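Rule-based calculations on the coordinates, nothing more; no lab input. Computed from a predicted model, the values in this text were never measured in an experiment. Neighbour counts are summed over all protein chains in view; Cβ atoms, including those assigned to glycine, are modelled from backbone coordinates with ideal geometry.
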Amino acid sequence: METIGDNLFQVKKERSFVSCLVKGNSYGFKHLGFLLRYIWPSLILASLLPIPFICFYAGQIDAILRKWVELGYLPNVTLRTLKDDILRCSVRNLINLLLFFLYVLILSAIIILPFFLGYSFWWGALFMTIVAVIVIPGFSAVSMQISYSENPISKSIAEGLNMGYKNFGQVFGYELLLFLMVFPVYIIACIPNFIVAGVCTQAFMGYQMGDVIDLPLLFPLLAYLSFVIFMAIMLVTYLVVCFSRCLMWGSLVNEVPTEAEANS
């Protein structure tokens, strides 16, 4: 584990979005063992029961990332030493989650709206794509600002929107490249769920044709286990990705670096 005597890492520094992705993901993966020792309780809880523990999981990640921004290295912390920070970050992540649901709701309404107006599905898909491209940079920067800044929520939203649209191309390029990087991981994580869904589909089709459903008694447990595996892989991936996300935020903000950052 790093100490203050090791090379310090300056987070608040202008970088390209490619550099943020490469350096951030490399740093997170390098320290994954230490991070899992710190975060394993909330990782297990969030995998078994995402709601409400996923906010606590994200809050725990943001709490240590804030220390990374402040100190320039990852300190050897515990749940007890960061208790107040984790609770505060968890509440702010609940706001982020609500904003994400609002974003998804808007996109869903846009893709459904053409049906009520007599247009085809493709018009809805086109409008949804246009709106998604326009909204993603602003939403991404707002989410980062809420996660890593100390400003009130209302001020974080205003500053995030300003940062996102002021650096539209950089933020959109970061989100697009990040999606291309993590999408294959999510597909692999979904394989157990695809198998379960296929079995359920075949059983339902057989039932419709008069067959008796003869799924094993433990099948619901296996289905739940496949979901837990999917969540665990997603959450560990999110843990690593958050370091590049933090670097992207550090590249967007225009603040005087801390003493530790200035000396790095």
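Here are some notes:
- Dipole axis of the chain (+1 Lys, Arg; -1 Asp, Glu on Cβ), positive-most option in S90, F115, N151: N151
- The angle between the Cα long axis of helix 17-30 and the longest principal axis of the Cα atoms of the chain comes to about 90 degrees, rounded to the nearest 10.
- Taking 0.36 nm per residue of separation and subtracting the Cα-Cα distance, full extension of the segment from F194 to A132 would add 19.6 nm.
- Counting neighbouring Cβ atoms within 10 Å and putting the fewest first, the residues Y165, Y148, Y73 line up as Y165, Y73, Y148.
- Dipole of the chain, positive end: most advanced residue of Y224, I61, L74 [Cβ charges, Cα centre]: L74
- Against the main long axis of the alpha-carbon atoms of the chain, helix 191-208 sits at an angle near 20°.
- Max mean-square fluctuation residue, GNM over the chain, Cα-Cα springs under 10 Å, options A197, A132, A63: A197
- Ellipticity at 222 nm from helices only: DSSP H runs of n ≥ 4 in the chain, each -39500 (n - 2.57), divided by the residue count, give -27500 deg cm²/dmol.
- Around the amide H of K13, modelled in the peptide plane, lie the amide H atoms of S251, all under 5 Å away and 5 or more residues distant in sequence or on another chain.
- Magnitude of the charge dipole, the chain, Cβ model with Lys/Arg +1 and Asp/Glu -1, debye to 20: 220
- What you get for region 76-203, charging only the Cβ of Lys and Arg (+1) and of Asp and Glu (-1), is a dipole of about 160 debye around the Cα centre.
- Take the Cβ atoms of L177 and K13, set R0 to 25 Å, and the FRET efficiency comes out at 0.85.
- Taking 0.36 nm per residue of separation and subtracting the Cα-Cα distance, full extension of the segment from L102 to A232 would add 44.3 nm.
- In the elastic network of the chain, a GNM with C-alpha springs shorter than 10 Å, the most mobile of L49, L126, L177 is L126.
- Compared with the direct C-alpha span, the chain from I187 to K30 gains 54.2 nm at full extension, assuming 0.36 nm per residue.
- Sequence-separation-based contact order of region 29-146, relative, with Cα cut under 8 Å and 6+ spacing, percent: 19
- Contact order normalised by residue count of the chain, Cα under 8 Å, 6+ apart, percent: 36
- Neighbour counting of Cβ atoms within 10 Å sorts the residues L105, L176, L21, fewest neighbours leading, into L105, L176, L21.
- Residues C242, C190, C89, sorted so that the one with the fewest Cβ neighbours within 10 Å comes first: C190, C242, C89
- Simple spin-label estimate for L48 and N162 in nanometres, 7 Å along Cα-Cβ: 4.5
- Going through (i) 0.99; (ii) 1.03; (iii) 0.94, the figure that equals Rg/Rh (Cα atoms, Kirkwood Rh) as computed for the structure here is (ii).
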